[in-house]
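Worksheet: one structure, shown below.
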Amino acid sequence: MKRAEKDRVRAMLAADSPKVLANMRLALARGGIANPLEVHTETELRQALVDSELDLMVMSHQLDKVFAAPLIAALRRGEIGAHPFPIVIILVDDADELLMRRISDCGPDDVIVLSTSPAALHARISVFLSGQRKPLVVSKHYAGPDRRTKERAKSRQ
């Protein structure tokens, strides 16, 4: 993606930790994305999803101890917001298997376990901004990137 195009990326950062927000900001700045919308609570996140058309979201999985990932599922299903498929990257504190599954079921493009450096986060964001995104699927129970393995996808054809 060219620099002029990156200037037009509508990004949002959602975290209640100043340190995590600072790292998110730095990761976006490395990629030429300036002035992201910032939210700090689940209520602010919900309102931002309703009010804003976003291209990129980088968010913590919980805000003020509220599990915020289900808002992504609502966004993907078209229940809130105008654009259901922005790039969504969710940051988690713990790689607990159950937590990771709950988050994945909400339809993010990527889940990153903290602590990650701004450079590593920028690298992951750059993959999506360069157009290397998994195809999106919508079913009765899931909307988001296709997470099926190649073998499983073939068996469904």
*Consider only pairs whose beta carbons are under 7 Å apart and that are at least six residues apart or on different chains; among these, list those whose first residue lies in the range 107-127 and is on the phi > 0 side of the Ramachandran plot and whose second residue is assigned to a loop (DSSP other than H, G, I, E, B) and surrounded by fewer than 20 Cβ atoms within 10 Å (Cβ to Cβ).*
GLY107/TYR142
_Being basic (Lys, Arg) and surrounded by fewer than 17 Cβ atoms within 10 Å (Cβ to Cβ) narrows it down to one residue among ARG76, ARG101; which is it?_
ARG101
*So which residues in the range 66-102 are among the basic types (Lys, Arg) and closer than 25 Å to LEU28 by Cα, if there are any at all?*
ARG76
*So, of the residues in the range 16-34 that are modelled with pLDDT of 90 or more and not in a helix (DSSP H, G or I), which turns out to be surrounded by the fewest Cβ atoms within 10 Å (Cβ to Cβ)?*
SER17
*Keeping to the range 23-52, report how many residues are over 10 Å from PRO118 (Cβ atoms) and of a type in the set (A, V, I, L, M, F, W, C).*
8
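Condition first: hydrophobic (A, V, I, L, M, F, W, C) and buried (at least 18 other Cβ atoms within 10 Å of the Cβ). Now tell me which residues in the range 51-72 satisfy that. Lay out the reasoning, then the answer.
Initial filter on the range 51-72 (hydrophobic (A, V, I, L, M, F, W, C)): 54, 56-59, 63, 66-69, 71-72.
The answer is LEU54, LEU56, MET57, VAL58, MET59, LEU63, ALA68, ALA69, LEU71, ILE72.
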_Residues being in contact with a strand residue (DSSP E or B) (Cβ under 8 Å, 6 or more places away or on another chain) and either crowded, with 16+ Cβ neighbours inside 10 Å or at pLDDT 70 or above (or both) - total across the range 135-157_ = 3
*Given the conditions (1) at pLDDT below 80; (2) within 17 Å of LEU56 (Cα to Cα), which single one is not true for PRO108?*
(1)
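The values are calculated or read from the model by the stated rules, or taken from the named source; none is laboratory data. It should be emphasised that the depicted structure is a prediction, and the values quoted were computed from it without experimental measurement. Quick reminder, even Gly has a Cβ in these numbers, built from the backbone with ideal geometry, and neighbours come from all protein chains shown.
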